[in-house]
Amino acid sequence: MSADQRGSSASTDAPAPARTEPLSAAALINETVHSHVSRLQRGYREDHPQSVATVARIRRGAGKPAGEIPDLWGLIGAEALYVRGWREEDAERAESAVHMAVTLWALHQQGHHTADMHIKDGPGLGKAVRRLMPDAAIDEPIRKRFVRAGTATSIDALATRLRELVVLMRRDDIAMDYGKLASQLYVWQRPGGRAEVHRAWGRSFHSHGPVKPEEDAP
């Protein structure tokens, strides 16, 4: 075999480079919110005037429909979504999900200059709500607020009911993963997605067990 033939054979037998698969829509929304909120959160905690002012403006959109407040155009971070081609209805769902998550985070972060209220891979919505309650008991008024969020029949009603829960989490310094919430809000709006999200919220709620006293911890 000639050198040229050996080279040709080697190049033919070499493994093909691994392909990078595009992110799913929900994963892209999760990463978009995480990246945008993390940057704003860092600036807010470091008391950068522009970040503090931006978070205050974004906070005004909590519980309100996407696009209702023109002053928020360009502040929510949804521009990063458009690396992907979307059908019109999915683009609207994605924008709504990002708007809801980012504005709720801004409300949640208010007044917290020493702690992050968004934590990647942190508690989901259900677990964060459960942390509002005593370890060994169910707080019925809080449980009813959570159930009301689960029975919302429109995205606008859901935004209002989640806002009520976020205010309680802010009071008790309970953080959550807003990227995960955004991806769930997107799925919630898709056909058949509501039941899937409700199951995830229920599992998250029930996964929070009583906290052991420090001396009993392994």
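Quick note: the coordinates plus some simple rules give every number you see, no bench work behind them. Not measured: the values here are computed from a predicted model. Because the Cβ atoms are built from the backbone with ideal geometry, glycine has one as well, and the counts that use them run over all protein chains shown.
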_chymotrypsin sites (Phe, Trp or Tyr not before Pro) within segment 57-87: DSSP coil, no more than 15 neighbouring Cβ in 10 Å_ = Trp73, Trp86
*Would you mind ranking Met117, Met133, Met169 so that the residue whose beta carbon has the fewest other beta carbons within 10 Å leads the list?*
Met133, Met169, Met117
*Extension gain Ala91-Asp173, at 0.36 nm per residue separation less the Cα-Cα distance, in nm?*
26.2 nm
*Could you tell me the number of lysine pairs in segment 23-208 with C-alpha atoms less than 22 Å from each other, where the two lysines are 8 or more residues apart or belong to different chains?*
5
*Coil-residue trypsin sites (Lys or Arg not before Pro) of segment 70-148, DSSP, other Cβ within 10 Å capped at 13*: Arg87
*Footprinting exposure proxy for Tyr178, Tyr186 (fewest neighbouring C-beta atoms within 10 Å first)*: Tyr186, Tyr178
*So what are the radius of gyration and Dmax for the Cα set of segment 50-119, in Å?*
12.7, 41
*Cα gyration tensor of segment 23-208, axes a ≥ b ≥ c as square roots of the eigenvalues: rounded (a/c below 1.5), prolate (a/b > b/c) or oblate?*
oblate
